[in-house]
Amino acid sequence: MAIPFYQHDLGEPELEAVRRVLAGPILTTGEVVSTVERRFADYLGRRHALAVTSCTGALHLSLLALGIGAGDEVITTPMTFIATSTAIMEAGATPVFVDVEATTGNMDASRIESAITKKTKAIMPVHLYGYMCDMRAIRTIADQHGLFVIEDAAHCVEGMRDGIRVGELGDTTCFSFYATKNLTCGEGGAVVTDRDTLAEKLRLLRQHGMTKTAADRHREGYQHWDMTVLGWKYNMDNIHAALLLPQLDRVEENWRKRDAVAQWYAQRLKECLGLSLPSYQPGARHARHLYPVWIGNGRRDGIIQGLQREGIGVVVNYRAIHLLTYFRETFGFRVGVFPNAERIGNDTISLPFYAAISEEQVVVVTDTLARLLKEGA
C-alpha cells in the first residue's frame, strides 16, 4: 500500500535493547521484564503490572485469578475483537452481551443492570478505539451487585475520562502490545491491579503455578520449587520486553503526535458528506489508537475496495461479533438483537493512523475518501 494502515516507529533504540538481552544469560522472563512492569505500573499509577504474551492471556488470567469459571456469566460487549469473549469462554464462563452507545461504540452502562442474573460474576467493558467507557457508572453498578470489573484496555493505554485513568477502577485491567498497538512488541500484553494478593495469584497463574522462575534459579542457584496452583504459560520474555523499554520513554510524545493526526482528520472530514464520526465527551483524553469513520446505507464495503485500489490501507474494527458464525451457532444470536453494535459493525472503517503519518498523507486519504463518497452518491 502506498499509505499503509499502520506503521510502527521501532528503530535503533529497540535494536540496541534487544542486543543487550541477547548478550546476557536470560532470554526468558527476567530483569528486563521486571523493569517494563515497574515502569508500566508507574506510568498508569497502579501498584502492580504483569507482562504476559497477549491481552487475551491477560483477560483469561484475570478471570481465573478472580475465580470465574464454569456456570458463571460475564457481561461484555459485542462491539470488540473476538478475544474479549473467547477469553471468557476459555475460562469456562459465558459471555452475556449488552448493546453499545450509538455515538461511541462503547458498552452502554445503562443496559448493564437488566442483563445481571444470579450467575453474573463480572463486567468486562472495552475501551473501544481508545475512548474510555463510563467507568464511574460501571464501577457503581458492579459494587451494588457484588461484581468484579475487568477492563479490556487493549486500545487505551493513555486514556482518561471523568477524572479517572484507565485501570483506576477495575479489579484488573488488560492491555495489548500487539503489532499495531500504541505500544508494541509484536505479540504481548499486560495486566495491572492494585490488589496485592490478586497480583501474587496472577504471577503464579501466568507461569504454570510454579513458585520459582528460571531467572530466580539463575540468580539464587538451584532451589527446589513447588507448584501450588494449576497455571498456564503466559509469561513475557526479556526479548519482547526489550522492544517495549525505549517506547515507554516516548509514550506521551507519540500520543501527542497521534492526537495531532486526529485533529487533521477531524478538520478535513467535518464537511465530508456521506459519513459520520464517533462523538466523545468534552474533556476526556482519548488514547488515539484508531481513527474510525462510519459510512452507512450499505456503502461501506464499496468504499473499502475503492480506497484499497488507490493504495490506501484500511481495516474494519469491528464487525459485531455476535453475528459471526461461531457465536450464532453456539448462542443462537440473530440480526436485530443489538442494533447499535450491528449498525456500527456494518458501517465502520478504520483509516490509516499512526504517529509517523504525515499531514500530506492524511490529505491524500481524506481527498480520496471524499471523492469516492461523491462518486458513489
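The values are calculated or read from the model by the stated rules, or taken from the named source; none is laboratory data. The model shown is predicted, which means the values in this text are computed figures rather than measured ones. Virtual Cβ from ideal backbone geometry, glycine too; neighbours counted across all protein chains shown.
Summary of values
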| quantity | calculated |
| --- | --- |
| Residue match in segment 343-362 (condition: surrounded by fewer than 20 Cβ atoms within 10 Å (Cβ to Cβ), in contact with a strand residue (DSSP E or B) (Cβ under 7 Å, 6 or more places away or on another chain) and either farther than 17 Å from PHE81 by Cα or not charged (D, E, K, R) (or both)) | yes |
| Tabulated pairs, segment 62-84, first among the acidic types (Asp, Glu), second in a strand (DSSP E or B), C-beta under 7 angstrom, 6+ apart or interchain | ASP72/LYS121; GLU73/THR94; GLU73/VAL96; GLU73/THR120; GLU73/LYS121 |
| Test: LEU183 is at pLDDT 95 or above and more than 16 Å from the chain's Cα centre (by Cα) | no |
| Flag for GLY71 being over 24 Å from GLY188 (Cα atoms) and either in contact with a Leu (Cβ under 9 Å, 6 or more places away or on another chain) or of a type in the set (Lys, Arg) (or both) | no |
| Filter result (without any contact (Cβ under 8 Å) to a residue 24 or more places away in the chain and under 28 Å from the mean Cα position of the chain (by Cα)) within segment 353-377 | SER358 |
| Leading residue by the ranking (surrounded by the most Cβ atoms within 10 Å (Cβ to Cβ)) among those in segment 203-217 that are in contact (Cβ under 8 Å) with a residue 40 or more places away in the chain and either touching an Asp or Glu at 6+ places or on another chain (Cβ under 7 Å) or under 15 Å from VAL33 (Cα atoms) (or both) | ARG206 |
| Residue in segment 324-333 that is closer than 24 Å to ILE357 by Cα and out of contact with any Pro (no Cβ under 6 Å at 6 or more places or on another chain) present | no |
| Filter result for the condition that a residue is assigned to a helix (DSSP H, G or I), surrounded by fewer than 20 Cβ atoms within 10 Å (Cβ to Cβ) and in contact with a helix residue (DSSP H, G or I) (Cβ under 6 Å, 6 or more places away or on another chain), over ALA102, ALA137 | ALA137 |
| Contacts under 9 angstrom Cβ, first residue in segment 291-311 being modelled with pLDDT of 95 or more, partner aromatic (Phe, Trp, Tyr) and part of a strand (DSSP E or B), 6 or more apart | ARG300/TRP294 |
| Meets criteria (assigned by TED's automatic domain parsing to the domain that holds PHE148, part of a helix (DSSP H, G or I) and charged (D, E, K, R)) for ARG217 | yes |
| Close pairs from segment 35-49: first at positive phi, partner crowded, with 20+ Cβ neighbours inside 10 Å, Cβ under 9 Å, at least 6 apart | GLY45/GLY167 |
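Residues are listed down the side, and each one gets a yes or a no for (1) without any contact (Cβ under 8 Å) to a residue 24 or more places away in the chain; (2) surrounded by fewer than 15 Cβ atoms within 10 Å (Cβ to Cβ); (3) in a helix (DSSP H, G or I):
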site	(1), (2), (3)
LEU198	no, no, yes
ARG268	no, no, yes
PRO278	no, no, no
GLN281	no, yes, no
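Residue-by-condition table, conditions (1) under 23 Å from GLU168 (Cβ atoms); (2) surrounded by fewer than 16 Cβ atoms within 10 Å (Cβ to Cβ); (3) in contact with a helix residue (DSSP H, G or I) (Cβ under 6 Å, 6 or more places away or on another chain); (4) assigned by TED's automatic domain parsing to the domain that holds ILE116:
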residue: LEU22; (1), (2), (3), (4): no, yes, no, yes
residue: ARG47; (1), (2), (3), (4): yes, yes, no, yes
residue: THR56; (1), (2), (3), (4): yes, no, yes, yes
residue: THR76; (1), (2), (3), (4): yes, no, yes, yes
